[in-house]
Amino acid sequence: MNEPSLYVEDLRKSYATVVAVDGLTFQVERGEIFGLLGPNGAGKTTTIRILMDIFKPDAGTVRVLGQPPGAARQRVGYLPEERGLYRALRVSECLTYLGQLKGMARAAAQRRAEELLERVELADWGKRKVEELSRGMQQKAQLAASLIHDPDLIILDEPFQGLDPVNAEMIRGIIRDLRAQGKTIVLSAHEMSLVEMLCERIVLINHGRAVLNGRLADLKKQFSPNAIEISPPLPVEGWPGVASVALEDGRQRVTLTPGAEPRDLLREIFNRGLSLDRFERATATLDEIFVTVVRGEAGHERP
Amino acid sequence: MSARSILTIAWHEYLVNLRRPGFIFFTLLIPALGLLGLIVAGFFSGQAMGFLENQFERASQQTGLVDQSGLFTPLPAGFGGQYQLFPDEAAARQALLDGSLSGYVVIEPDYLETGDVTAYSIGGLFDAVNAADSDTLRLLLVHGLLAGQVDAAVLERAADPVNVTPVTLNEDGQPTGSTDIGSAIASFIIPYVLSIFLIISIFTASSYLLRSVSEEKETRVIEVVLSSVSATELLTGKVLGLGALGLTQVLVWLGSAVLLSGGLAAVAAGVAVALSPRVFALSALYFILGYLLYGTLMAAAGALGTSMRESQQLAGLFSFGAAVPMMFNSLIFASPNGTIARALSYFPLTAPTTMMLRLPLTNVSTLDLAISLGLLALSIPVVLWAGAKVFRMGLLLYGKRPSLVQIVKALRQA
């Protein structure tokens, strides 16, 4: 049984005068970390809320863990972008209650709350009130709250918001652990470098539609220029097979002519006895792909 | 709709708000005030005795009488001890200034036509009224006017004409309750006080409802909550949990009233219940319906407002509806079956409070009950349905208050 964890087909949703989601189609396979990307206002949050059965779609098919939205609520964990906790409650009390709302028994929820607080290094803060925690700590507590009922599918909307590098690393570790446990994670974030590190497949949404969809590795190859990054910069202008040379951030990018092979350039460098620290095929970063596609779309904006 | 979710929410809301210092303080405040009142009364009763004794001393001084009408000279028999007749005002005034009178009364020359009498004293208004001593004066005047002109028995009756026994008849024409003034008071004071308690607790519970909703929205925790339970389950759970809180509050007040009065209130309440189970049952019904109505409106206000303060302003509109009967309190008290009282009983927003005030005071007609309950029964499902929709819509609109058009559109969506 290899049905997708998430299946969205031709999803549509409008508010008053705004078309938020305009025929969106994508799916998320079981056990993968999937990136849900897009610029602000692209329709990501609306889509996520529809998946969580907070909003109802105008049209389209949505299947969450094989069922209509809302039916499998207790198996889905959700960390919303606009998030918060009950300020006056104690941290563990708050997490326990949220676990109970997901159908857990009180004692089980309490135990899980303690385990998770331990995992996010907030064990000492369990008895404190939420309002006493710093912003970063509250973010970690909120992540814990989304995992308390041991969900099979976890949707994280901007989980790295407001976290310092150490905590961001911790969250990355948690996400990897979850994947190792066989869970499916849908990650929406603007930190492209982090997304790149974690996600296997992505969908890029713009103006409510999918403009890119597929395995990250394939997309990178698709968008990658036929170019090499060399350091230290070498005087390769005019060499056979070299189309152009550019210096970017202290790194030299040598764009080859179509059909030219990198190893020919490498051979030429060795033949000339030049010393080399780094010779690497340039792949487009997700950041570059994002900007290219979204800017390109900007030219075709709907009235 | 999962009963389990609803009960989890209800229990959580109940406990969290029960623990709030504000709630504990307010709930214990009433019994504390009652206790204080008892202590103060006890303390002052000692003082009061002294004060009253003082008055009696005063009263042992005579009152002067200047009869310019000529009808009361000589003084009627039996009043010589308390009143002393003076030939003119100057003499009476002198005696007052000398301190041998507590005050004097001048019967004007045209007394027979006008009834005019003027009372003089030194000490101030209270003393002047005292000097007039209207009960004894009235007796003197009646005796003076009728002595010798009518039968002695008629004279006595004219002097003290009435001795009222109130009897209330129920719909079948049977006398209800005992005609003893004491238990008549008990059978109205107890339910009346209970009504006030119920009204206060409806508003305490509703305001907690508003605050709870508004807080979840302000802290943004609402989105996670809505990913776990539906908006309707949330609303129902909160309404139930906080309704139970309101009831708890009333029970604490009743319990402490029983304790403070040394069980006396329980006896009186028992008597009252035996006398009018109808009143109690109807009051309970209006409490439930009133709470459902106001609670839902408050929750909707909490969901629509962009901040707690704004929600409270919205809620203020509805609270006004409930406060109106309280403003007309004395009118309802004076004529509980009057037009205003009846009109207020029909309009759903003012019906619960008005009826809870009317029921202990009078036999409310079946017609009034039918119309009042009927309109309430119609309005509550509408309010619940619309409230839940508005609730669902308003919750996620951070920082934007929905326009009236958006609200109407949300209501149209299935």
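Fraction of C-alpha pairs exceeding 13 angstrom in region A:225-282: 53 percent, rounded to a whole number. Counted over the protein assembly as shown, the DSSP beta bridges are approximately 60% antiparallel. Residue by residue along B:224-235, Cβ atoms of other protein chains within 10 Å of the local Cβ number 6 on average. A straight Cα-to-Cα reach below 27 Å connects B:Lys217 with the lysines A:Lys13, A:Lys44, A:Lys56, A:Lys102, A:Lys127, A:Lys129, A:Lys140, B:Lys238, B:Lys389, B:Lys400, B:Lys409, residues fewer than 8 places away in its own chain not being considered.
With a simple spin-label model that places each label point 7 Å from the Cα along the Cα-to-Cβ direction, the separation between A:Arg176 and B:Leu112 comes to 11.9 nm. Across region B:60-159, Cα-Cα pairs farther apart than 19 Å form 39% of the total.
Summed over qualifying helices (DSSP H, 4 residues or more, each -39500 (n - 2.57)) and divided by its residue number, the protein assembly as shown shows a 222 nm mean residue ellipticity of -18000 deg cm²/dmol.
Gain on full extension, evaluated as 0.36 nm per residue between A:Glu118 and A:Glu81 minus their Cα-Cα distance, stands at 11.0 nm. Considering region A:147-271, its Cα convex hull presents a mean projected area of 11.5 nm².
Taking all Cα-Cα distances within region A:140-182, those exceeding 16 Å account for 33%.
Heavy-atom accessible surface of region A:131-232, averaged per residue, reaches 37 Å², computed with a 1.4 Å probe.
Looking only at Cα atoms, what is the convex hull volume of region A:122-206 per residue, in Å³?
Measuring per residue, one finds 113 Å³ for the Cα hull of region A:122-206.
Restricting the calculation to Cα atoms, region A:6-220 yields a radius of gyration followed by a Dmax of 17.0, 49 Å.
Phi-derived couplings, Karplus 6.51 cos²θ - 1.76 cosθ + 1.60 at θ = phi - 60°, listed residue by residue for region B:315-324: 5, x, 4, 6, 4, 4, x, 6, 6, 3 Hz, with x used for Gly and Pro.
Around the Cα centre of the protein assembly as shown, unit charges on the Cβ atoms of Lys, Arg, Asp and Glu (plus for the first two, minus for the last two) sum to a dipole of about 3280 debye.
A simple packing score, the average count of other Cβ atoms within 10 Å per residue, orders the peptides B:349-356, B:247-254, A:79-86, A:154-161 as B:349-356, A:154-161, A:79-86, B:247-254, with the highest score first.
With unit charges on the beta carbons (Lys and Arg positive, Asp and Glu negative) and the dipole taken about the Cα centre of the protein assembly as shown, which residue among B:Leu65, A:Cys94, B:Gly241 sits farthest to the positive side? Result: A:Cys94. Computing FRET efficiency as 1/(1 + (r/R0)^6) for A:Ser275 and A:Ser224, where r is the C-beta to C-beta distance and R0 is 30 Å, gives about 0.70. Over region B:60-159, Cα pairs under 8 Å with separation of 6+ residues give a relative contact order of 27 percent.
For chain A, the relative contact order is 19 percent, taking Cα pairs closer than 8 Å that sit 6 or more residues apart in sequence and dividing their mean separation by the residue count. Rounded to the nearest 20, the Cβ-based charge dipole of region A:6-220 about its Cα centre (Lys and Arg +1, Asp and Glu -1) stands at 500 debye. Between B:Ile196 and A:Gln27, the simple spin-label model (points 7 angstrom out along Cα→Cβ) gives 7.0 nm.
Counted over region A:6-220, the DSSP beta bridges are approximately 55% antiparallel. Each of B:Leu344, B:Phe23, B:Val154 was scored by the projection of its Cα onto the charge dipole of the protein assembly as shown, and the greatest displacement toward the positive side belongs to B:Phe23; charges sit on the C-beta of Lys, Arg, Asp and Glu. Bridge orientation summary for region B:60-159: considering DSSP beta bridges with both residues in this region, about 30 percent are antiparallel.
Of the residues A:Phe290, B:Ser330, B:Ser379, the one whose Cα sits farthest toward the positive end of the charge dipole of the protein assembly as shown, with +1 on the Cβ of Lys and Arg and -1 on the Cβ of Asp and Glu, is A:Phe290. The Rg/Rh ratio of the protein assembly as shown, with Rg taken over Cα atoms and Rh as the Kirkwood radius over Cα pairs, comes to 1.26. Taking only protein heavy atoms and a 1.4 Å probe, the accessible area of the protein assembly as shown is 59% carbon and sulfur. Backbone amide hydrogens, once placed in the peptide plane, bring A:Glu158 within less than 5 Å of A:Ser188, A:Ala189, excluding anything fewer than 5 places away on its chain. For the chain pair B and A, the interface hides roughly 2400 square angstrom of accessible area in total, found with a 1.4 Å probe.
The values are calculated or read from the model by the stated rules, or taken from the named source; none is laboratory data. This structure is a prediction, so every number in the text was calculated from the model and none was measured. Every residue, glycine as well, gets a Cβ built from its backbone with ideal geometry; the counts of neighbours run over all protein chains shown. The protein model used for the area step is the full one, side chains on, heavy atoms only, and it has no ligands, DNA or RNA in it. Shrake-Rupley method; radii C 1.70, N 1.55, O 1.52, S 1.80 Å.
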